[in-house]
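This report concerns only the one structure given below.
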Amino acid sequence: MPKRFRVALITGATRGIGYNVGKEMVKRMPLTTTYMTSRHNVDGFQSILGMQLGAAARERAKFVRMDVRDLEAVNELKEKIVKKFGGLDILVNNAGIYHAPNKSLSVFPKQVQEILGINYWGTKNVIGSFFPHFKPHSRIVNITSNLGHIMSVKNMEDELKEALRLRFNSCNNEFELDGLLLKFQRDAIQGTWRKEGWPSCGYTVSKMAINAYTRILQRQFDEDDREDVVVNAVYPCTKHSKIDQSDMKILDDEEGARFVFYMAAVKPNSHGVFPRGAVIWNNSRVVDNREGYTYNNKHQVKLPLEIPQV
């Protein structure tokens, strides 16, 4: 069987979990060219990676400055990859931003705009640009968060939490989901977001949206009859310096990266069953397939599916 050369793209890949996922791919996939992007300066990272993994790794890793909000920059990289490789095999959407919630009417709308601009609309820019160019057996991982789970929402009555969950679960296509997010942005600008049943954390809403988008996107791939193209939302359970994770079992970036790598590089039909369009936390459990949930990796409840550890 001839060797198969592949290409991977990781956004938000110059620090933390993103950098370590890219490092894992470069180390463990010698026939893969890995593009690692950041909206910040990427000078010097290729040399650093080469010192960590050896000179050959520098040839397989390509660091690119790209802001996911800049559709022109996203399309430019897409054209380069498609021209050279014919399409994309692996995409890890890690680019994101978090702001500690500030309920001030002069601050919160700005937070919402920036958070959604990167975490949701930026992720959609990347996936939308590459959508026609995902090769058969492609794997897409959207990085999510514990804050994207309804149980993490604080200072909100259970009835409002359930209503919020149903809002996202009732979105059956991108148009409906986009409309929901635009409403949240309008409510934030008008100062009515709490009255309209939204939490005061833009990051939470952005990750709820990513979870819903992942489900919708898998359905699109399936309806288009794309050959074994799989997308999942994955929470690696790694430390975030600005997020309260006191009730979580936290992993280091290296261990979290190994799990994300597994989800992004798993071979077709591995183990007979593999989640599709699901939300998965790094305890190898599906936490949201619209039937069962688990809050964190210390306290689990009704779970429909387990997948093997890395």
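The values are calculated or read from the model by the stated rules, or taken from the named source; none is laboratory data. Quick caveat: nothing in here was measured; it's all calculated off a predicted structure. All Cβ positions, even for glycine, are placed from backbone atoms using ideal geometry, and neighbour counts span all protein chains on display. Ligands, DNA and RNA are stripped out before the accessible areas are found, and what is left, the full protein with its side chains, is counted by its heavy atoms. Shrake-Rupley method; radii C 1.70, N 1.55, O 1.52, S 1.80 Å.
When only the Cβ of Lys, Arg, Asp and Glu is charged (+1, +1, -1, -1), the dipole of region 32-104 relative to its Cα centre reaches about 60 debye. For region 116-270, a/c is not less than 1.5, where a ≥ b ≥ c are the root eigenvalues of the C-alpha gyration tensor, and a/b does not top b/c. That puts it in the oblate class. On a 28 Å Cα-Cα criterion, which of the cross-link pairs K83/K183; K27/K135; K154/K267; K23/K84; K78/K103; K135/K161 come out too long? Distance filter (> 28 Å) returns K83/K183; K154/K267; K78/K103; K135/K161. What shape does region 191-238 have by the C-alpha gyration tensor, where a ≥ b ≥ c are the square roots of the eigenvalues, rounded means a/c under 1.5, and otherwise prolate means a/b greater than b/c and oblate the rest? Oblate is the answer for region 191-238, as a/c is 1.5 or above yet b/c matches or exceeds a/b. When its C-alpha radius of gyration is set against 2.2 N^0.38 Å (N residues), region 1-67 gives a value of 1.05. Under the rule a/c < 1.5 gives rounded, and otherwise a/b versus b/c splits prolate from oblate, where does region 17-166 land using the Cα gyration tensor? Here region 17-166 falls in the prolate category. Accessible surface area normalised per residue over region 147-246 is 46 Å², counting heavy atoms of protein chains with a 1.4 Å rolling probe.
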